[in-house]
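*Asks:* Here it is: the structure, laid out below.
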Amino acid sequence: MAIKPLAMAACTLTNALGPGLQASLRALRRGESGLRPCDFEDADLKTWIGRVAGLEEEPLHGEFAPFDCRNNRLARLGLEQDEFGAAVRIARNRYGADRIGVFVGTSTSGIGATEHAYRQRDLVTGSVPATFDYQHTHNVFSVTDFTRRWLGLTGAAFAISTACSSSAKAFAAAWRQMRAGFCDAAVVGGVDSLCLTTLYGFNALGLTSPRPCRPWDLERDGLSVGEAAGFALLEWAEPGDERVLLLGYGESSDAYHMTAAHPEGVGAALAMQQALTRAEVPPEQVDYINLHGTATPLNDAAEDRAVVRVFGPDTPCSSTKGWTGHTLGAAGVTEAIFVRLCLEHSLIPGTLNTRQRDPKLGAGIVLENRERRLRLALSNSFGFGGSNCSLLFGRSPSPRVGESRGEGEP
Amino acid sequence: MNLLAVEAVGLMAPGLVGWTASQAVLAGQRSYVVEPMPATMATLLPANERRRITATIKLALQVAQEAMTQADLDAGTVPTIFASSGGDSEVLDKICTALTQPDRPVSPTHFHQSVHNTPAGYWAIATGCMGPSLSLAAYDSSFAAGLREAAALAWAEQARVLLVAYDLPLPAPMAGRRKIVAPFGVALLLNPALPVNRLALLRLASGGDEPADRLDDAGLERLRAGNPAARSLPLLCAMARRAATRVILSAGDNATLSVEVAP
C-alpha cells in the first residue's frame, strides 16, 4: 500500500534569484541565472557563485543577536518571505506549538563565524574573540534552533546534516516523526550559506568550474557553489487534497566512496526506485525529474546511468543548478519547492547554460523551458558520504477553478 | 507502536571500555574509575581508509562495530542513525586554521571529512550497507533526538536500526566555547520486532515537565552532563541493572524524553 501522503501546506524560498517564491518562478520562466563571478568576502577564486544579496548588511538583533551569522541571517530572510510565518501561526493554533516538529538540513551551518574568529585569534594566547558564540552560530543545530525560536515552536527538533542530501532527507524524517506520533505537523527546511570552507574545499577537490555550471553539457567542468534558505510546512493530506503532496521518498547509501558517486549510480537508482515504490507509482507516470545535476563530470554521468536505469531515456529531466548554483544542504528543499512551482504552474524548466548535451549521457535532458501540465515529479539530492535521497511529489489531476495555468506572471 | 527492543550495545569512554566490561560499573556494583581510553582500531575499515581517519570516525565506528559483533548480524543490512552535537571538530579546526594562511591550503581530505555524515559514509563503505542512514544534531539533546529518530525509522521500516551517538572534546580555541569533558561513544541496536533474546525493552514517551535524571556517581554524572552522547547514561545504567524502571533523558531546553525500561 502506498504511504500516507503529506501535504505541503505552505512554503518559501530564497536564493540567488532573490527572496521569495515569485523571484524564483520569474527567473525560472525567463531563463535568468542568479550566478555571478565570485565576489564573496575576499575569496580569490576563479569560479562563479550564487550569492544572496544584502546579507552582509542585515545583522540579527535583540533576542536573536547571539545567532548572528550569515547562515542565520539567510534563514531569517527566508522565514520572512511568502507569509510563511503567518501560515505557521495558523498551524500553531491548530496543532499546538509543541506538536509541530522542526527539521532543518544544513551542511556547514554557521562555520563562517568560526572562520572569522580564527582570523582574529590573539597572537599570544591563540584565543578567539570574546564575541564568538559557537553554540548559536557554528554548531550544526544552530539554524534549527534559530528557526524554531523564530517561529515560536517547541516540538521535536533536530538538524539533519548529510551534506548535499540534508534538506531532502528532512522531508523523509518529518514523515517518520509524524508517523511515529512525535509530532502532528512539521516545518522542514534547508539553509546553507556561502563560506570559505566550502568555496576553498570544493576548489581543493577540483570540483568548481571557472564558468557558470553547465549540467549534462559535453564541456561541463564542475559546479558553482550557491546559497539558499527554503522551508515548507507539512501536514497529513486530506482525502481529495488538491495541494502538492509528498507521495514517496527514497533514501540509500552508496557504500562506495566518500566523495565520488558510484560510477553506475547504483545507490541513486535505489533511492529513486524506493520513492516510486512507496508511492506505488510506475516510472512511466512521472512527468518530470529535477536532477541533482551538479555539473561535475562524474556526478552527472553517475546520475545519468541511474535515471536511465529506472526511467529509460524518455522522461523529461533537467538540472536547475544553472539558476541557483549548488546550494548544498539547502539543495533538497530548494529543488523540492522548484518541483512544487513546476507542478502548480505547468513548467518544465530547461537546463540553463547547457549548450551541447553530452552524447554519452542518455537521460531525457531538457535544455529549453517547456510548458506542460504535470501531475508527478521527482527531485534528486545526493551528497558526500554516498548519501542519496529522492522525493516524489504530485498533485491531483483536476485543476482548481481560477488556478494559474502558467500564462503570464504569477 | 511505541516499543523497541535493544539487542546489543557498543560503548566507549574513559573507564567504560565496551558494554560487557562496563556493566558492573553502570549497575553500581563497581565504582567508576576514569582511565585513559585504549586506542580504538575500527578494524572493519579497509587498511587504506584506516590510515586517514580521525579520532571521531574511529570512536563512532568502534561502538557501531561492537554492537553489530555482539548481535552477530550482517551490518550490511541494518539502516543507521548517527547523532552528534559537534561532528568532527578536529577536522573543522584544521580547515579554519588553513583558511587563515596564505593561499588558504585547505586539504581535500579534510574537506570531505568535514561533513557531519563522515562516520556514516565510512561505516557504509566498511559494511557495504546501502540502506537509509541519517546523521543529525540537536546540541545537548542529540542522543534523545537520535533515539527518537532511530525509533521512528525502525517502526517505519519494520526493521532493525543501529543508533550511534558520539562526541569528543573540541580542540582549542573552540574548546573554550563548548565544553565537552571526555570522549563518549555509544551504539544501540534496536529492533521493533521485540525478540525474546534482548537486553532491554524500551517504551518512549514525552517526559513532560519532569527534570532529566542525574546519576549518583559523581564521575558518571560529570560525564553525563559533559558530553551530549553521555546523556544516554541513565538509560545505559537502567539496562545494566536489568530492573524495570523509567528514566528521563534531557531532550532540549526544558523538554525531556521519558523511557520506560524493562529487561
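The values are calculated or read from the model by the stated rules, or taken from the named source; none is laboratory data. As the structure is a prediction and not an experimental result, all values here were calculated from the model. Backbone-built Cβ (ideal geometry, glycine too); neighbour counts: all protein chains shown. Accessible surface areas use protein heavy atoms only, side chains included; no ligands, DNA or RNA. Shrake-Rupley method; radii C 1.70, N 1.55, O 1.52, S 1.80 Å.
*Asks:* Hey, what's the per residue convex hull volume over the C-alpha atoms of the protein assembly as shown, in cubic angstrom?
*Replies:* 142 Å³
*Asks:* For the range A:6-394, count the residues as N, evaluate 2.2 N^0.38 Å, and divide the Cα radius of gyration by that value, please.
*Replies:* 0.92
*Asks:* Roll a 1.4 Å probe over the protein heavy atoms and report the accessible area of residue A:337 in Å², nearest 10.
*Replies:* Approximately 0 Å² of residue A:337 is accessible to the 1.4 Å probe.
*Asks:* How big is the accessible area of residue A:264 in square angstrom, nearest 10, if you roll a 1.4 angstrom probe over the protein chains?
*Replies:* Solvent-accessible area, nearest 10 Å²: 70 Å².
*Asks:* Could you tell me which of the pairs B:58/B:179; A:321/B:179; A:321/A:360; A:46/B:58 are separated by over 29 angstrom between their Cα atoms in the structure shown?
*Replies:* A:321/B:179; A:46/B:58
*Asks:* Using the Kirkwood radius over C-alpha pairs as Rh, can you work out the diffusion coefficient of the range B:132-198 via Stokes-Einstein at 25 °C, viscosity 0.890 mPa s, in µm² per second?
*Replies:* So the translational diffusion coefficient is about 181 µm²/s.
*Asks:* Over the Cα atoms, compute the radius of gyration (one decimal) and Dmax (the largest Cα-Cα distance, rounded to a whole number) for the range A:205-358, in Å.
*Replies:* Values for the range A:205-358 (Cα only, Rg and Dmax): 15.6, 50 Å.
*Asks:* Turning to a different aspect of this structure: Given the range A:153-212, what whole percent of its Cα pairs are spread farther than 15 Å?
*Replies:* 61 percent
*Asks:* Taking the range A:4-95 on its own, what percent of its Cα-Cα pair distances exceed 19 Å?
*Replies:* Beyond 19 Å sits 56 percent of the P(r) for the range A:4-95.
*Asks:* On to the next question. For the range A:283-374, what does the alpha-carbon gyration tensor say about shape, rounded, prolate or oblate, given a ≥ b ≥ c as the root eigenvalues, a/c under 1.5 as rounded, and a/b over b/c as prolate?
*Replies:* It is rounded, given that a/c, with a ≥ b ≥ c, falls under 1.5.
*Asks:* For the range A:89-227, report the convex hull volume of the alpha-carbon atoms normalised per residue, in Å³, without decimals.
*Replies:* 143 Å³
*Asks:* Need one number: convex hull volume per residue for the range B:122-238, Cα atoms only, in Å³.
*Replies:* 140 Å³
*Asks:* Tell me the mean residue ellipticity at 222 nm calculated for the protein assembly as shown from its helices only (DSSP H runs of n ≥ 4, each -39500 (n - 2.57), averaged over every residue, nearest 500).
*Replies:* For the protein assembly as shown, the value works out to -9500 deg cm²/dmol.
*Asks:* Counting only other chains, and only Cβ atoms inside 10 Å, what mean value do you get across the residues of B:96-109?
*Replies:* 6
*Asks:* What part of the accessible area of the range B:98-223, given as a whole %, is carbon or sulfur when the probe is 1.4 angstrom?
*Replies:* Accessible surface attributable to carbon and sulfur in the range B:98-223 totals 50 percent.
*Asks:* For the range B:178-253, what are the per-bin percents of Cα-Cα distances with bins 10 Å wide, up to the bin holding the maximum?
*Replies:* All Cα pairs considered, the percentages come to 16, 48, 31, 5, 0.
*Asks:* In the range B:8-199, if the dipole is taken from +1 on Lys/Arg beta carbons and -1 on Asp/Glu beta carbons about the Cα centre, which of B:48, B:180, B:85 is farthest to the positive end?
*Replies:* Comparing the listed Cα positions along the dipole, B:180 ranks first.
*Asks:* State the percentage of accessible surface on chain A attributable to carbon and sulfur atoms; use a 1.4 Å probe and exclude ligands, DNA and RNA.
*Replies:* The computed percentage sits at 51.
*Asks:* Wrap a convex hull around the Cα atoms of the range B:8-199, take a quarter of its surface area, and give that in square nanometres.
*Replies:* 11.9 nm²
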